[in-house]
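The structure appears below as structure tokens.
The values are calculated or read from the model by the stated rules, or taken from the named source; none is laboratory data. Remember, predicted model here, so these are calculated numbers, not experimental data. Positions of Cβ are generated from backbone atoms using ideal geometry, with glycine treated the same way; all protein chains shown enter the neighbour counts. Accessible surface is based on the protein model in full, side chains and every heavy atom, while ligands, DNA and RNA are left aside. Shrake-Rupley method; radii C 1.70, N 1.55, O 1.52, S 1.80 Å.
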Amino acid sequence: MAPTTAAPAAPEAAPAPPSSAATERRRRRAAEQDTLPGSLRPSRGGRIARGVLLTVASLVTIFPFYAMVVLSLKPSGAVSLPGSLLPWPLSGGAYGDVLGSQDVPRWLLNTLVYSLVSVVGVLVLASLAGYAFAKKRFPGRETMFWSFLSMVMVPYHVTMIPTFILIAKLGGVDSYWGLILPTLANAQAVFLMRQFILGLPDEIFEAARLDGCSELQIFVRVVLPLLKPILATLGTFVFLWHWNDFLWPLIIGQSTDMRTLTVGIASLQQQQVPLNQVLAGSVIAFVPIFSAYLVGQRYFTEGVTGSAVKG
């Protein structure tokens, strides 16, 4: 009797290669277009026109930044357009002159203190107030919230002079606390926090109370971890606003040592400083806010969407 031989095992199918991100985006785009009516689907000419318009808009947007960087790298001398916009010859002497001066590092420190401390203060106060307005029950809550929110309708310049007079009488002129304190009550930040916290389910707060957590423990252990997207989004916006703020630092910081970068760079133009040094200071002021945007951009969509007004 002949021995039976086992049939050779069928070769295993090779695993399908994982789809790349670009392929996934094309598939999703095609699926979205399939759901559109034929009259709403963009034609080939429409897609080309849209690409051309977006390219032109991108170039127009990027050109001022390109000019700022290139002109800051030019040697000192007269600027002739458009020849000076060519990326040669280049020299980094303007950056050495700016960073080697006594004023610019001090202005940079003032701006960092103003921006970072204000971000922390605004986020802490706005998150506490937003949690109270969203999840706590107390008499006059709605009246207090909408009265506070009405501050958004008051122009910033209307309250600036009374605020300066009050800070001056308290001795806050040419001081960090006088520069920072009036900017901590941010009605827009409180509104965004409240709208975001309103979307959180009440069950998690009830479960934390049943576990014996105090209100402070609920806020620290439950609320704050859930607020990461809106905290990152709001923190980035507040940082950008304070970093670029000009008018309030101008009137509260009356000495050279208390100027911020925006005020200091503006003062350089009045001192007949060469253009390449002024633009080098602008580039130095631009790099931190661009870096803050790159760090926080991944939270923008989620944070803004989560804080949208609920119907």
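Quick look at the numbers
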item: Relative packing of peptides 160-166, 127-133 - highest average C-beta neighbours within 10 Å first; result: 127-133, 160-166
item: Rel. contact order, % - alpha carbon contacts under 8 angstrom, at least six apart, region 73-182; result: 20
item: 1.4 Å probe accessible area per residue over region 196-258, in Å²; result: 50
item: Surface share of carbon and sulfur [accessible, 1.4 angstrom probe, percent] for region 43-94; result: 76
item: Accessible area per residue, Å², region 88-152 with all protein chains present, probe 1.4 Å; result: 54
item: Spin-label pair Gln272/Asp211, simplified geometry with 7 Å Cα→Cβ offset, distance in nm; result: 6.9
item: Part-to-part distance (alpha-carbon centres) for region 179-224 and region 160-177, which is given in Å; result: 31
item: Protein accessible area in region 144-212, 1.4 Å probe - carbon and sulfur %; result: 70
item: Approximate spin-label separation Ile204-Gln254, in nm, with each point projected 7 Å along Cα-to-Cβ; result: 4.9
item: For region 126-143, Karplus couplings with θ = phi - 60° (6.51, -1.76, 1.60), whole Hz, Gly/Pro x; result: 5, 5, 5, 5, x, 5, 5, 6, 8, 10, 9, 10, 7, x, x, 4, 5, 4
item: Accessible-area order (highest first, 1.4 angstrom probe) of the listed residues Leu210, Leu125; result: Leu210, Leu125
